[in-house]
Structures are given as structure tokens and as C-alpha cells.
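Asker: There's a structure below that I have some questions on.
The values are calculated or read from the model by the stated rules, or taken from the named source; none is laboratory data. Predicted, not measured: the structure shown is a model, and the values here were computed from it. Positions of Cβ are generated from backbone atoms using ideal geometry, with glycine treated the same way; all protein chains shown enter the neighbour counts.
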Amino acid sequence: MFARTLLMVSMLALSASQWPTIAEKVQAMLDERETTEPAAVVAKPAAAVPSGQTVLTMGRHGHYSGTFKMNGKPVDAMVDTGASRVTINVSTARRLGFSPAALDFRYQVRTANGVTKAAHVTLDRVEIGSIRVRDVEAVVLGDESLSSTLVGMSFMTKLRSYTAEKRTLRMIQ
């Protein structure tokens, strides 16, 4: 009985001594996977996708991001199904052809960062890959309230369907 207990304790000690090595190897594999996953895979649709479909790969932080075209201009954006509208900041709105002086910040909106003022605009078109959607409602927030562009449900509901599965977001027009 003592020999069996001693053998079990020895095996546990040996396996415990290997956990740091295993953890380092797993972390190295994850780091390598993140660094070899090119930004283009996240930002651009997959090559072998039929027309009218676009696939985005989940980024390392668990979000689906890509380079969209809004009013013909490239805009890096994150898909956010929790946002009711496409959401851009004033700097992006200016790039897309909206005069900051003409923006009417009369709407109060609740964001993940709290309550802020917003202006309503309509984007002539929003594109990603072979998907093209016209007349997309958007809100503009101050630069201090929003640092990146969010593609919300005002775009997503104009699609025929979208599904998130196995680290990919497939959008179908």
C-alpha cells in the first residue's frame, strides 16, 4: 500500500513539474497562430466565396472586423449586432462627405460607454466584399465617444441572412 501511494505521489509530482512547460508550448502555439493569421484574412472576404456572400474571420479578440466601403471610402469597422445602427465618429463622417457643421446632435443615445448625443445620417451605400447595400441608416457620435466604426443592425438586417459559426461570420445578400 505504501509503495502504491509513493508511486502515485511521484507521478503527480512529475506531471506537476511538466505543467509550466506544457503551458508555455500552448501559449507559443496560440501566439504563433495569432501572428500568422494575416490581417487581410480578418479584413477581407475569403477568396472562394460565391458572389453576394462575404465571410469574415474572427479576430484574436473575438470580434468580426473588416474593411468596409462606406460611400465609396474604405473604413475599418467591427460588426456589432448589439448596435441598432451603423455608428461612426465625426472624423469618419467628414471623410464620408458629411459636413460636421451640418450634423444635428439632437438625439440622445445609450452606448456601452454611457449616454451621449448623436446625429442621424443615411449612408448612400455600404459594401463589404461582393455585398452592396444602399441607404443605410447611421448615427454619428463625437470623436471622444467613439474611436472605431461599428456596423450595426441597420446594415445587417438588409442582408438575406448572416450566421456566425466556427470563428467565421458569413453574410449573404
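Asker: Could you tell me whether region 156-170 includes any residue that is touching a Pro at 6+ places or on another chain (Cβ under 8 Å), within 15 Å of Leu56 (Cα to Cα) and small (Gly, Ala, Ser)? Lay out the reasoning, then the answer.
Answerer: As a first pass, look at region 156-170 and keep what is touching a Pro at 6+ places or on another chain (Cβ under 8 Å): none.
There is no residue in region 156-170 that is touching a Pro at 6+ places or on another chain (Cβ under 8 Å), within 15 Å of Leu56 (Cα to Cα) and small (Gly, Ala, Ser).
Asker: For region 65-167, list the strands (runs of 3 or more DSSP E) that sit wholly inside it and hold at least 1 residues that are more than 18 Å from the chain's Cα centre (by Cα) and either surrounded by 19 or more Cβ atoms within 10 Å (Cβ to Cβ) or in contact (Cβ under 8 Å) with a residue 12 or more places away in the chain (or both); which are they? Even if it seems obvious, please write down each step before you answer.
Answerer: Working: elements: 65-70, 73-79, 86-89, 107-111, 114-128, 131-141, 149-151, 161-165.
The qualifying strands (runs of 3 or more DSSP E) are 73-79, 107-111, 114-128, 131-141.
Asker: Right, something else. Which residue out of Ser130, Ser148, Ser99 is farther than 26 Å from Pro50 by Cβ and either at pLDDT below 95 or touching a Phe, Trp or Tyr at 6+ places or on another chain (Cβ under 7 Å) (or both)?
Answerer: Only one candidate qualifies: Ser148.
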